[in-house]
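For reference, the structure discussed in these notes is given below.
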């Protein structure tokens, strides 16, 4: 193995260890030493050598997560649009959920990101407790895939006033993220997802529930 390959492997081990720890204990609850220990990196200056600072490592992890999701969504959207059939709200919800719940949907992925890697929980931690850092990363990376998803949802619901639909989309995003984070945690804790998430109907029922939140009749008030 070349020096470059060794360094790439070490970077990946540090990133994987960090995201696992962050997803369980939060950003502030994880020290640089804990990350290096979990990654089996003996050099105490490992973070500085590969990422400069813990904050730089966090920013790279956020960017990785956003890039992975964006590429996966765009690939799935391309396939959905190529069918040539009308695209329903459920089609889009199904796509958004399943991109985050399979081994990997990233067409350019170097490695798989299985359940338990910490992707959804890490994003939840960032949005809840480090929203400014997360927002800046989103603005820097952009996300045309989510914009494409929303455009399809709006086209499928022409009778829903846009202000109301925008509010529902915010709720949808928050509910989906919370549910998928809980699902990820359940599989990490039990291996089989437990009684709720291990049920064969759980994911489809979640998709149906999220779809209903977008398509239900408006409150008469």
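Key figures
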{"read-out": "Residue pairs meeting the criteria (Cβ under 8 Å; at least 6 apart or on separate chains; first on the phi > 0 side of the Ramachandran plot and at pLDDT 90 or above, in segment 19-46; second assigned to a loop (DSSP other than H, G, I, E, B) and crowded, with 16+ Cβ neighbours inside 10 Å)", "value": "none"}
{"read-out": "Flag if residue 113 is modelled with pLDDT of 90 or more and surrounded by 13 or more Cβ atoms within 10 Å (Cβ to Cβ)", "value": "no"}
{"read-out": "Output for segment 23-40, where each listed residue is touching a helix residue (DSSP H, G or I) at 6+ places or on another chain (Cβ under 6 Å), within 16 Å of residue 9 (Cα to Cα) and part of a loop (DSSP other than H, G, I, E, B)", "value": "39"}
{"read-out": "Any hit, segment 144-153, residues being farther than 21 Å from residue 81 by Cβ and surrounded by 14 or more Cβ atoms within 10 Å (Cβ to Cβ)", "value": "no"}
{"read-out": "Test: residue in segment 53-65 that is modelled with pLDDT of 90 or more, surrounded by 19 or more Cβ atoms within 10 Å (Cβ to Cβ) and more than 15 Å from residue 18 (Cβ to Cβ)", "value": "no"}
{"read-out": "Neighbours by Cβ (under 8 Å, 6+ apart or cross-chain): first from segment 160-180, at negative phi and surrounded by fewer than 18 Cβ atoms within 10 Å (Cβ to Cβ); second assigned to a helix (DSSP H, G or I) and modelled with pLDDT under 95", "value": "177/120; 177/123; 177/124; 177/127; 178/124"}
{"read-out": "Set 201, 135, 215: member being more than 20 Å from the chain's Cα centre (by Cα) and surrounded by 12 or more Cβ atoms within 10 Å (Cβ to Cβ)", "value": "215"}
{"read-out": "Failed condition for residue 93, given (1) buried (at least 19 other Cβ atoms within 10 Å of the Cβ); (2) under 16 Å from residue 122 (Cβ atoms)", "value": "(2)"}
{"read-out": "Members of segment 136-145 that are modelled with pLDDT under 85 and either in contact with a strand residue (DSSP E or B) (Cβ under 9 Å, 6 or more places away or on another chain) or closer than 20 Å to residue 175 by Cα (or both)", "value": "138, 143"}
{"read-out": "Boolean, residue 67 is outside any helix (DSSP H, G or I) and either closer than 20 Å to residue 121 by Cβ or in contact (Cβ under 8 Å) with a residue 24 or more places away in the chain (or both)", "value": "no"}
{"read-out": "Index of the failed condition, residue 75 passing every other in (1) under 30 Å from residue 148 (Cα atoms); (2) part of a helix (DSSP H, G or I); (3) touching a helix residue (DSSP H, G or I) at 6+ places or on another chain (Cβ under 7 Å)", "value": "(3)"}
{"read-out": "Number of the exception - residue 106 against (1) under 29 Å from residue 215 (Cα atoms); (2) modelled with pLDDT of 85 or more; (3) buried (at least 16 other Cβ atoms within 10 Å of the Cβ)", "value": "(2)"}
{"read-out": "Hey, residue 153 touching a residue at least 24 places away in the same chain (Cβ under 8 Å), under 12 Å from the mean Cα position of the chain (by Cα) and in a helix (DSSP H, G or I) or not", "value": "no"}
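The values are calculated or read from the model by the stated rules, or taken from the named source; none is laboratory data. Note that the structure is predicted; figures quoted are calculated from it, not measured. Reconstructed Cβ throughout: ideal geometry from the backbone, glycine too, with neighbour counts over all protein chains shown.
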